[in-house]
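Report on the following structure.
The values are calculated or read from the model by the stated rules, or taken from the named source; none is laboratory data. Since we're looking at a predicted model, the values are computed, not measured. Neighbour counts are summed over all protein chains in view; Cβ atoms, including those assigned to glycine, are modelled from backbone coordinates with ideal geometry.
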Amino acid sequence: MSERADALRCARELFDVTWRHGQAPQVADELDAIVSAQQANRGEARPLFHPLVPKASKLATIRAFSTRAGLSKPTTVLLEALVHYHALHLLPTVAAGFRERLNRKQGVIQATVTTASPLPAEKAQALSARLSQFTGRQVALQARVDPSIIGGVVTQVESTVYDGSVTRQLARMRRNLVENV
């Protein structure tokens, strides 16, 4: 079985347990926060991933972090299990799988908006509200920045992509010019 499949199975099992006990939203938020912190502080987290650092030292670090951050028991147990099985690198996949299950259970759809520069919070909220109106469901919006689109917006709601980027419009114009020459 692949590591991704293992991570998604872990997310499914953790979700099933935490959903029954009403802890799933809290655990999802904790996992998202940990993954964000891990990505922002890669250098500081490096010892947790190094194979020569003893497992006992990694577990002590995880326990101290969990206590200091006030993490729930399920999140702490997950982190300890990932350390025990040398699989802490799978945490982002577990967190994404967990969040996807929670969203599906709550009837929330995932949307991604890509802009050339950072989207102000009030515009992101307005876009989320508009997408919720359009789809008739609650929308969890994730904003991304990609300067290569030059301007405009690319919005993906589940598997449907609405490409209003300047790059796309220029490509369309170029194609029309070539076809009409």
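Checked against the criterion of being within 21 Å of the chain's Cα centre (by Cα), crowded, with 16+ Cβ neighbours inside 10 Å and not in a strand (DSSP E or B), segment 162-174 has no qualifying residue. Screening the candidates T115, T93, T155, T135 for the property of being surrounded by 15 or more Cβ atoms within 10 Å (Cβ to Cβ) and without any contact (Cβ under 8 Å) to a residue 40 or more places away in the chain yields one hit, T115. Scanning segment 107-127 for residues that are small (G, A, S) and part of a helix (DSSP H, G or I) gives A121, A124, A126. Take the conditions under 30 Å from R46 (Cβ atoms), outside the structural domain of D16 (by TED's automatic domain parsing) and not hydroxyl-bearing (S, T, Y) and apply them to P92. Does it pass? When the stated conditions are applied, P92 does not pass them.
Which ones in segment 40-63 are free of Cβ contacts under 8 Å to residues at least 12 places away in the same chain and in a helix (DSSP H, G or I)?
Keep residues of segment 40-63 that are free of Cβ contacts under 8 Å to residues at least 12 places away in the same chain, which gives 40-46, 50, 52-54, 56-57, 60.
Scanning segment 40-63 gives A40, R42, G43, E44, A45, R46, A56, S57, A60.
Select from segment 16-27 the residues that are closer than 13 Å to K73 by Cα and under 19 Å from the mean Cα position of the chain (by Cα) and write down the one among them that is surrounded by the most Cβ atoms within 10 Å (Cβ to Cβ). Selected residue: V27. In this entry, A40 is excluded by the filter for residues that are farther than 23 Å from D6 by Cβ and surrounded by 13 or more Cβ atoms within 10 Å (Cβ to Cβ). Within segment 128-138, the set of residues being modelled with pLDDT of 90 or more and either assigned to a helix (DSSP H, G or I) or closer than 20 Å to G151 by Cα (or both) comprises S128, A129, R130, L131, S132, Q133.
Only a single criterion out of (1) assigned by TED's automatic domain parsing to the domain that holds P47; (2) under 21 Å from D29 (Cα atoms) is not satisfied by V113, namely (1). Taking each residue of segment 9-24 that is hydroxyl-bearing (S, T, Y) and looking for partners that are at pLDDT 95 or above with beta-carbon atoms closer than 6 Å, six or more apart or interchain, yields T18/A24; T18/V27; T18/P74.
Within segment 139-150, restricting attention to residues that are touching a helix residue (DSSP H, G or I) at 6+ places or on another chain (Cβ under 8 Å) and not in a strand (DSSP E or B), the residue that is nearest to G107 (Cα to Cα) is I149.
With respect to L177, is the statement that it is of a type in the set (A, V, I, L, M), surrounded by 12 or more Cβ atoms within 10 Å (Cβ to Cβ) and either touching a residue at least 40 places away in the same chain (Cβ under 8 Å) or in a helix (DSSP H, G or I) (or both) true? Working first, answer last.
Working: of a type in the set (A, V, I, L, M): yes; surrounded by 12 or more Cβ atoms within 10 Å (Cβ to Cβ): no; either touching a residue at least 40 places away in the same chain (Cβ under 8 Å) or in a helix (DSSP H, G or I) (or both): yes.
No.
Kindly provide the set of residues from segment 77-86 that are surrounded by fewer than 18 Cβ atoms within 10 Å (Cβ to Cβ) and modelled with pLDDT of 90 or more, ordered by number. I'd like the intermediate steps shown before the answer.
Here is the first cut: in segment 77-86, the residues surrounded by fewer than 18 Cβ atoms within 10 Å (Cβ to Cβ) are 77, 80-81, 84-86.
Within segment 77-86, V77, E80, A81, H84, Y85 meet the criteria.
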